[in-house]
1. Bin by bin, in steps of 5 Å, what percent of the Cα pairs in segment A:2-87 do you find, going until the bin that has the longest distance?
2. Kirkwood Rh over alpha-carbon pairs of chain A, then Stokes-Einstein at 20 °C and 1.002 mPa s: what D in µm² s⁻¹, rounded to an integer?
3. Sorted by mean Cβ packing within 10 Å, highest first, what order do the peptides B:6-18, A:138-150, B:28-40 take?
4. Relative to the longest principal Cα axis of chain B, at what angle does helix B:153-166 sit, 0 to 90 degrees, rounded to 10?
5. In the structure shown, do any of A:Lys178/B:Lys31; A:Lys105/B:Lys132; A:Lys162/B:Lys213; A:Lys178/B:Lys223; B:Lys4/B:Lys223 have a Cα-Cα gap over 27 Å, and if so which?
6. Roughly what % antiparallel, to the nearest 5, for the DSSP beta bridges in segment A:16-131?
7. For peptide A:54-60, what's the mean number of Cβ atoms from other chains within 10 Å of each residue's Cβ?
8. Just want to confirm a number: the relative contact order over chain A, from Cα pairs under 8 angstrom separated by 6+ residues, in percent.
Amino acid sequence: MSALSARASIDTIWSWLRQVPDPEIPVISVVDLGIVRDVRWDGQDADADVVITVTPTYSGCPATEVIAASIRDRLAEEGIGHARVETRLSPAWTTDWIGPEAKEKLRGYGIAPPACAAGEHVIDISRLTRRSAMKPAPLIACPRCGSTHTQVLSPFGSTPCKSLHRCHACHETFDYFKPH
Amino acid sequence: MSNKNDTYAYLLRLGDNALVLSQRLGEWCGKGPALEEDMALTNVALDLLGQARLWLSYAAELAGDGADEDSLAYLRDADQFRNVLLLEQPNGNYADTVVRQFFFDAWHALALQQLRVSQDPRIAEIADKALKEVNYHLRRSSDLVVRLGDGTEISRNRMQAAVDHLWPYSGEMFDADGVDLAAAAAGYGFDPSGLRTEWLAYVREVLEEGTLKLPSPEAWMQKGGKQGRHTEHLSRMLSEMQILQRSHPGATW
């Protein structure tokens with residue numbers, strides 16, 4: 001019983017994880033990004049492991065391993081030496097899990113947040129016809145001046161999750177967090 | 001009932017397709033025709049590498065002989081690879097790289113749509129994740145086919161030459177053998193011959209929009225990669241990809 005009362009609550013652990021920044025976009029946390037899927041104690045004993053379940057953003061994103069290490073380090077600071085970070089693929093990560101507050105943080109940091117729900121702007125090859133299968137691209141507002149008079153420069157940007165755009169109103173280039 | 005050896009053989013194909021194309025795209029790193037293309041090629045390579053790791057890790061678990069994703073990638077010889085011949089073809093000029101990508105992306109998207117409803121939950125979840133990435137790859141390669149096909153006279157000629165040159169390597173993706181049919185029968189995979197009509201229709205539409213001609217679907221097709229009979233290009237590619245682990249076995253950093 002004493003072990004149970006002494007160990008951190010699940011809510012407390014979530015609050016610590018909210019302080020673990022994404023290594024590439026430090027303005028949002030790994031929780032904001034939606035990649036922490038579950039937090040639990042594995043067992044009742046005093047020396048039980050904390051198990052943090054995370055899901056990768058993109059299959060090959062190199063930040064995934066850094067994130068696991070950052071989570072373990074943050075928990076170690078709170079005296080939790082037994083932390084396991086497990087990976088879960090399903091359901092696959094989506095930018096729909098990035099909440100409105102986190103989207104505003106992205107915008108404030110200079111990254112345009114996803115402008116539509118995931119899957120809205122992809123080719124549906126099963127419908128065969130390319131033009132009709134492509135919904136029109138959503139308007140992407142410049143995170144600096146708010147103009148939607150913007151243009152894609154590159155479908156891929158500085159990380160797998162972003163593309164590169166230019167604003168014709170203020171002439172700045174900016175990153176866009178792709179709906180995924 | 002699924003047989004472990006058949007599933008292993010099936011997973012190797014999925015993993016090797018992703019791995020070999022990833023390595024080819026990685027060869028462009030720092031040499032892309034424009035900075036934006038350089039970033040795109042390496043980002044697509046990264047997605048494919050991540051997918052290869054997921055497939056090969058699962059294959060290694062099934063093999064259960066101490067193999068892991070790294071030993072499968074770095075310690076097999078060319079005749080043990082099971083990727084389709086299309087993907088090991090050299091990068092050539094940019095048109096060759098774009099057309100190779102386009103042919104594969106269109107197949108890959110269709111294939112993953114089948115696999116995401118696989119009765120093997122591990123295959124289904126990997127496919128579901130990969131499909132989101134591959135949809136984006138397909139959108140990009142389709143757009144490039146149109147832009148370069150319906151571009152200048154030089155770009156159009158190069159694109160048509162690439163389409164004609166790579167066409168005989170496209171048929172293998174739809175060629176079903178015992179491994180495919182076992183996968184389809186057991187419900188963890190699909191019969192690839194069933195994807196051909198849809199693939200052809202999509203490829204025809206995009207090529208036409210790019211003012212390019214679809215070669216004859218009845219043309220004679222190369223095959224053998226899925227059974228380990230490769231073109232000479234794969235050995236050369238692997239000699240570069242594997243040299244570190246071959247020269248310094250077990251090296252880590």
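Just so you know, all these numbers are worked out from the coordinates, no wet-lab data involved. Since the model is a prediction, treat every value here as computed from it, not as a measurement. Cβ atoms come from the backbone with ideal geometry, glycine included; neighbour counts cover every protein chain shown.
1. Over segment A:2-87, the share of Cα pairs per 5 Å bin runs 3, 14, 28, 26, 15, 8, 4, 1, 0 percent.
2. Details: Rh = 18.1 Å.
In µm²/s, the coefficient rounds to 118.
3. Values: B:6-18: 24.9, A:138-150: 16.7, B:28-40: 15.1.
The packing order, highest mean first, is B:6-18, A:138-150, B:28-40.
4. 40
5. Numbers: A:Lys178/B:Lys31 25 Å; A:Lys105/B:Lys132 25 Å; A:Lys162/B:Lys213 34 Å; A:Lys178/B:Lys223 37 Å; B:Lys4/B:Lys223 25 Å.
Distance filter (> 27 Å) returns A:Lys162/B:Lys213; A:Lys178/B:Lys223.
6. Working: 7 of 12 bridges.
So the antiparallel bridges amount to about 60 percent of the total.
7. Values: counts 0, 1, 3, 0, 10, 15, 15.
Going residue by residue through A:54-60 and averaging, the value is 6.
8. 16
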